[in-house]
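Notes follow once the structure below has been shown.
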Amino acid sequence: MIRYKNLFLVGTSHISKKSVDDVEKTILNVKPRFIALELDKRRFNLLNLKKGRIKFRIKDLKELGFKAYLLNLIGAWLEKKMSKKIGTEPGDEMRKAVDIARKLKIELLLIDQDIKDTLNKLVSRISFREKILFIKELILGKKEIEFNIKKVPSERYINKIVNVIKRDYPSFYLTIIKERNEYMANKIYQVIRKYPKDKVVGVVGAGHEKGIIGEIKLLEKI
């Protein structure tokens with residue numbers, strides 16, 4: 001967890017049991033007025049539907065478009081496959097945050113960019129070289145950096161993997177990491193600026209913590 005002023009940012013792994021525990025412990029200890037989630041309205045509504053089997057939905061296909069939907073489906077499948085190894089469901093830490101918020105009447109904030117916009121940007125930007133490299137690594141199972149999927153990645157690991165993504169998949173880095181950090185930071189900044197005396201707990205992927213804090217600091221200088 002990173003604290004900055006009245007913001008408590010919890011970095012999670014979406015398939016880690018420890019992440020669920022960290023989210024619960026932080027919220028109960030901090031007792032925030034707001035809980036900010038790395039979700040948009042679309043994914044928030046699907047959060048409980050995605051528990052269990054990954055379902056094909058014509059509505060999603062029409063809204064996202066074939067390429068973006070396929071990309072999202074592959075990501076969901078990989079996440080589901082990894083989570084089965086440790087007995088969790090993808091997004092359990094988000095469900096825990098939502099459950100606690102409802103029980104304690106804490107206001108929820110959805111701070112992420114619409115997944116449709118994110119995926120469509122990625123589809124339009126990703127290069128042929130990146131596509132080939134992705135397929136190659138998927139087939140060969142390349143493991144440049146190994147880590148324990150049962151735990152939240154360490155800061156050292158996160159820095160290494162982000163640098164690898166930035167080097168090998170610049171379109172992915174720009175769209176999935178950098179621009180979303182900027183978007184989420186702006187959403188959080190509006191809240192902590194308006195309510196400087198009220199605590200905010202943010203639940204985001206571990207790879208976004210430092211980036212979001214950095215973007216908030218930049219916004220404060222404007």
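Odds and ends about this structure:
- Flag for TYR189 being modelled with pLDDT of 95 or more, part of a helix (DSSP H, G or I) and either buried (at least 17 other Cβ atoms within 10 Å of the Cβ) or not hydroxyl-bearing (Ser, Thr, Tyr) (or both): yes
- Flag for ARG180 being over 21 Å from MET94 (Cβ atoms) and assigned to a helix (DSSP H, G or I): no
- When the residues of the stretch 97-116 are filtered to those that are assigned to a loop (DSSP other than H, G, I, E, B) and acidic (Asp, Glu), the one that is modelled with the highest pLDDT is ASP112.
- When MET94, MET82 are checked against the criterion of being among the aliphatic types (A, V, I, L, M), at pLDDT below 95, within 30 Å of ASN186 (Cβ to Cβ) and assigned to a helix (DSSP H, G or I), MET94 stands alone in meeting it.
- Scanning the stretch 199-207 turns up one or more residues that are of a type outside the set (D, E, K, R), touching a strand residue (DSSP E or B) at 6+ places or on another chain (Cβ under 8 Å) and not in a strand (DSSP E or B).
- Hits in the stretch 13-40 - residues which are of a type in the set (Val, Ile, Thr), within 17 Å of the chain's Cα centre (by Cα) and modelled with pLDDT of 90 or more: VAL20, VAL23, ILE35
- Count of the stretch 168-177 residues which are surrounded by 17 or more Cβ atoms within 10 Å (Cβ to Cβ), part of a helix (DSSP H, G or I) and over 15 Å from the mean Cα position of the chain (by Cα): 1
- Only a single criterion out of (1) closer than 15 Å to GLU93 by Cα; (2) modelled with pLDDT under 60; (3) small (Gly, Ala, Ser) is not satisfied by GLY75, namely (1).
- When restricted to residues that are within 16 Å of VAL30 (Cα to Cα) and loosely packed, with under 14 Cβ neighbours inside 10 Å, the stretch 196-219 contains 3.
- Number of positions in the stretch 1-31 that are in contact (Cβ under 8 Å) with a residue 60 or more places away in the chain and in a loop (DSSP other than H, G, I, E, B): 7
- Identity of the residue in the stretch 87-137, of a type in the set (S, T, N, Q) and free of Cβ contacts under 8 Å to residues at least 60 places away in the same chain, that ends up surrounded by the most Cβ atoms within 10 Å (Cβ to Cβ): ASN120
- Residue list for the stretch 184-204, restricted to those being out of contact with any helix residue (DSSP H, G or I) (no Cβ under 9 Å at 6 or more places or on another chain) and in contact (Cβ under 8 Å) with a residue 40 or more places away in the chain: LYS187, VAL191, TYR195, PRO196, LYS197
The values are calculated or read from the model by the stated rules, or taken from the named source; none is laboratory data. Quick caveat: nothing in here was measured; it's all calculated off a predicted structure. Backbone-built Cβ (ideal geometry, glycine too); neighbour counts: all protein chains shown.
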